[in-house]
Amino acid sequence: MDYVPHSDEDREAMLRAIGVASTEDLFQDIPANVRHPHLNLPPGMSEPEVIRHLQALGQQNSNVLEMPSFLGAGCYNHFIPSIVNALILRGEFLTSYTPYQPELSQGTLQAMYEFQSMVCLLTGMDVANASMYDEATATAEAVLTACSITKRSKVVVPDTFHPTTLEVLETYAEGRELTLVRVPTFTIDDDGAFHDCWDAVGAAIDDDTACVAVQVPNFFGWVHECQDIAETVHAHRAMLVVSADPVALGILTPPGEYGADIVTGEGHSLALPPGLGGPRLGLYATRKKYLRQMPGRVSGMTEDIEGKRGFVLTLQAREQHIRREKATSNICTNEALAALAFTINVSWLGPEGMRKKAELCLAKSHYAAAQLDALPGFAVSAPGPYIKEFVVHCPSQVHHVNEHLLEHGVLGGYDLGNVRAELDRHMLVCVTELNTRQDIDRLVATLRDFEA
Amino acid sequence: MIQEAEPLIFERSSPGRHGYSLPDSDVPPLEEDAAIPAHWQRSSLPLPEASELDVVRHFTRLSQRNYSIEHGFYPLGSCTMKYNPKVNDAAAGLPGFSFVHPHQPESTIQGALALIHGLSRLIMEITGYANCSLQPAAGAHGELCGVLMMRAHHVKQGNPRRKMIIPDSAHGTNPATAAMCGYTAIEVPSSERGTVDMDALATLLDEDVAGLMLTVPNTLGLFEQDIVEICRMAHEVGALVYCDGANMNALLGTVQPAALGLDVLHLNLHKTFTTPHGGGGPGAGAICVNETLEPYLPVPLVKEQDGAYAWDYDRPDSIGRIHSFYGNFLNQVRAYTYIRTLGAEGIKRAGEYAVLNGNYLKERLRDAYALRYDRTCMHEVVFAGLKEKAEGVRTLDVAKRMIDYGFHPSTVYFPLIVPEALMIEPTETENKDTLDTFIDALLAIAEEAQTSPELLKEAPVSAPVRRLDETTAARRPNLRWQPPE
């Protein structure tokens, strides 16, 4: 089936009005030798047929609702209340375009303004944009912005930063002069335990440094002390970029309070289900003095000609549709609906719910860590405080451990051997408010049966 | 739409009120030494405090201050605001897609991988390309990916080259993307026919040109009749041709862009393949390439062997990753559902009727609005404002007056080369009655411009707000709520 509503009579009347005999006459500019290729596509389907087909494909996937999951590593399964889907699927939000015509887009524009306000409050920054594609692209753009502002090209990152983000940064940096200095900030002893050597970051900063980018909590789950780094960074007139998990910011000091110049983050876990990793929600906040270098759309409050409050897309002189090759970024479409979902959920949670969510992660992850650490052959390693993720050293390669878990209906943690071959016995375990004690006990009991 | 203003959610807040519902902890309390040190904890978080009903009402009222496709006709040129089928949302909402974790073992996501692989194959068939990646999260993200691949090709040949030729009618994302990838954007003018000026192009092409970025059909709604020759000329100096596929809706089923000689194409799945715009995103942008650029696609792709699907990272010449995971997967589910619903016949009809609707509007409006380029258009038509100019009346006024007639305004002042541009794209999902009502409104507005221009200059009067003060908004930016001191 299709969604073309024309009757034969409509079609004929329209062709007559245009003055052509057939629609074929409208395609004469297209070279005849390539016009109307045979398309080897399957025949169309009715709605019951297509939904049955999609259900069958969906049923070939396991999902985190039917199976306890301890996967995180950049994608987190946090609770999204029922109101989020009910509201974001309203056609008025779902099927509207970018709010270029503000008189007809006040709902979207006000929600964007509220989103920007929440991101500022969570991160402790002055201003935020209306979203980026994801944390990786937000961080890549933040780093490139810092290079433009400082007119320097050296970027310092600790090796505890999410490796995928660094890969995206490297892709984005092609064509620019940028030197990425990856600083080793931990060592692993013979027993597989991690040891922090965070001071190495400060030592890598010099007067050529454009920015230092750190992640809080880091890829392995623990939290770094960033106050000292911020001071060193600013002493060298460089900038501090912090990628922060907004769930952790329910409890942690906002990066703005310890001197961050740009804060990025991944907001999907407060907005949308995991969805195989997309859509995501990139957060981007900065200091007022860097506002005009910020990429992406921004909603601003103003008044209409009768003095009524209203909202508009503003500071568009930074953007591609006005500035073209001089724009701060090429970003146009962002993740507006995900930002709306975030705004609804954070409104629902409030300060108390945000704190409770983070505290539940904290309590449950520490319970899981204690149970796992007590298992023979397993050892938890966390050189700093952590909230929902920690590393477990396993008695054999993680992929064997995970196969065993999967056979028993549990999705084990992330295999760190995927990012670094020598970490193939280290599992990154994630525990959120959605993991019940029963789930955790099942993980532990299943591992107790595991024979290396 | 409702006129009544809605306070900020922060202004609806009251201390001690709450709406959240989370379980009590079922594990022992934290040991003292496990806690986050006090000086690492935040002291305050002044987020809104509201009941669940407060939150539901607030956002419901905000939604009622928005226009949408589901309200009525949304003829934004270049945006392809066609109906977004509900079955697509139903498919994307299935737990087997929405609750799948990206790090799950491949054996547990065979259906998702089959869908990505299958959608790639459908898109390759529709566009004629050798391969594609679904990783870009939006059209501009696809452009970035495409131009980085062009660059990788030239680097492999020994010289990245420095210039990117872009028509003066192009979307702003094109020159912005070229600049992000380290290229100097060189503008090529349009001819009197509204397409690339071939003589000017010939003088610009040399061996320092990395490529051209063309939109086909272009932003004037016109098919580049010399496209095959343009591609030949570009290839002759070793340059590549990028196709901005924002307007692919017009070509569905009629021509595969690869057959025209275009080396790389991005698609906006949120335009051509009906995934909803969501007030500005998430989009999804496939990036399609011919054999020359195939080695440079971002990782990972999905490969199939003996009926089993797996991620493919083994691509040594890849430009790398451009997204945290695999792009906006749930929108890929929607686009896949759409293409499977339509099939070959439906895909062809979509393009055919999009062009029929575009030309119908053009012919019915041409006596009242000035046609800049008088020739057959494709899926959209661009007028240079009112045919009979009226004192002090601008295209913006015409657009704002459309609101009072119950329509979303068309795109205005784009493309930049048409003075007083009014760009209308009807899409194939609008019936003749809707188009006729819209035409009557536009004819009435043209009449009003002569008889009572104040109706246009004061419009809109029926929207939730009147015209807004954008100058003050930019000069004294108020971009966030501030907690009371």
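Every number here is computed from the coordinates shown, using simple stated rules; none is lab data. None of these values were measured; they are calculated from a predicted model. Glycine also receives a Cβ, built like all others from the backbone with ideal geometry; neighbour counts cover every protein chain displayed.
At-a-glance table
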| quantity | calculated |
| --- | --- |
| Within segment B:347-471: Cβ-based charge dipole about Cα centre, in debye rounded to nearest 20 (Lys, Arg +1; Asp, Glu -1) | 320 debye |
| For B:186, B:227, order by how many other beta-carbon atoms lie within 10 Å, fewest first | B:186, B:227 |
| Other protein chain Cβ atoms within 10 Å, averaged over every residue that makes up B:78-87 | 3 |
| Length-normalised contact order for segment B:347-471 - Cα pairs under 8 Å, 6+ apart - percent | 29 percent |
| Percent antiparallel among DSSP beta bridges (both partners in the protein assembly as shown, rounded to 5) | 60 percent |
| Whole-Hz ³J(HN,Hα) from phi, Karplus 6.51 cos²θ - 1.76 cosθ + 1.60, for segment B:373-378, glycine and proline x | 10, 8, 7, 4, 9, 9 |
| Coil-residue trypsin sites (Lys or Arg not before Pro) of segment A:130-239, DSSP, other Cβ within 10 Å capped at 16 | A:151, A:176, A:237 |
| Anchor residue B:387: lysines whose Cα lies under 23 Å away (excluding residues fewer than 8 positions away in-chain) | B:362, B:400, B:457 |
| Burial ordering of A:268, A:195, fewest other beta-carbon atoms within 10 Å first | A:195, A:268 |
| Relative frequency of Cα-Cα separations exceeding 20 Å in segment A:165-237, percent | 40 percent |
| Segment A:154-189-segment B:61-121 distance, computed between alpha-carbon centres (Å) | 33 Å |
| Cα-based convex hull volume of segment B:88-342 per residue, rounded to whole Å³ | 121 Å³ |
| Largest-first ellipsoid semi-axes for chain B, taking √(5λ) over the Cα gyration tensor eigenvalues, angstrom | 38, 35, 23 |
| Average beta-carbon neighbours from other chains, 10 Å sphere, peptide B:46-53 | 6 |
| Cβ charges +1 (Lys, Arg) and -1 (Asp, Glu), total dipole of segment B:18-159, debye | 1020 debye |
| Charge dipole (segment B:347-471, unit charges on Cβ, about Cα centre) - positive-most of B:422, B:378, B:358 | B:378 |
| Per DSSP, loop GluC sites (Glu not before Pro) in segment B:342-425 with at most 16 further Cβ within 10 Å | B:388, B:391 |
| For segment A:82-345, alpha-carbon Rg relative to the globular expectation (2.2 N^0.38 Å, N residues) | 1.03 |
| For chain A: relative contact order, % (alpha-carbon pairs under 8 angstrom, 6 or more apart) | 20 percent |
| Sequence-separation-based contact order of segment A:82-345, relative, with Cα cut under 8 Å and 6+ spacing, percent | 27 percent |
| Compactness of segment B:152-303 as Cα Rg over 2.2 N^0.38 Å, two decimals | 1.03 |
| Chain A - share of DSSP beta bridges that are antiparallel (%, nearest 5) | 60 percent |
| For chain A, calculated [θ]222 nm from helices alone, where every DSSP H run of n ≥ 4 adds -39500 (n - 2.57) | -11000 deg cm²/dmol |
| Averaged over A:69-76, number of beta-carbon atoms from partner chains that fall within 10 Å | 3 |
| Per-q log10 I(q)/I(0), segment B:309-388, q = 0.15 Å⁻¹ (Debye; single scatterer per alpha-carbon; no solvent) | -0.77 |
| Compactness index (Cα Rg / 2.2 N^0.38 Å), chain A | 1.13 |
| Using distinct alpha-carbon pairs, which all enter the 1/r mean, Kirkwood radius of the protein assembly as shown in Å | 28.3 Å |
| Residue range of chain A that is longest and free of GluC sites (Glu not before Pro) which are both DSSP loop and sparsely packed (at most 13 other C-beta within 10 Å) | A:307-450 |
| Nearby aspartates and glutamates by direct alpha-carbon distance to residue A:308 (threshold 19 angstrom, same-chain neighbours under 8 apart not counted) | A:103, A:114, B:4, B:6, B:11, B:404, B:458, B:469, B:470 |
| Unpartnered cysteines - no second Cys beta carbon under 4.7 Å - across chain B | B:79, B:145, B:181, B:231, B:243, B:377 |
| Over 22 Å (Cα to Cα) - which of A:289/A:388; A:289/A:326; A:326/B:163; B:82/B:303; A:356/A:388 fall in this group | A:289/A:388; B:82/B:303 |
| Shape call, segment B:55-94: gyration tensor on alpha carbons, a/c limit 1.5 | oblate |
| Cα pair distances in segment B:241-343, grouped into 10 Å bins until the bin that holds the longest one, percent each | 13, 39, 40, 8, 0 |
| Lys/Arg +1, Asp/Glu -1 at C-beta; the protein assembly as shown dipole; positive extreme among B:411, A:232, B:20 | B:411 |
| Loop-located GluC sites (Glu not before Pro) in segment B:1-42, at most 15 other Cβ atoms within 10 Å (DSSP) | B:4, B:11, B:31 |
| Debye intensity ratio in log₁₀ form over the Cα atoms of segment B:347-471, taken at each q of 0.12, 0.16 Å⁻¹ | -0.43, -0.76 |
| Cβ-placed point charges (K, R +1; D, E -1), dipole of the protein assembly as shown about Cα centre in debye, nearest 20 | 1460 debye |
| Selection from B:227, B:239, B:7, by position along the positive dipole direction of chain B (Cβ) | B:7 |
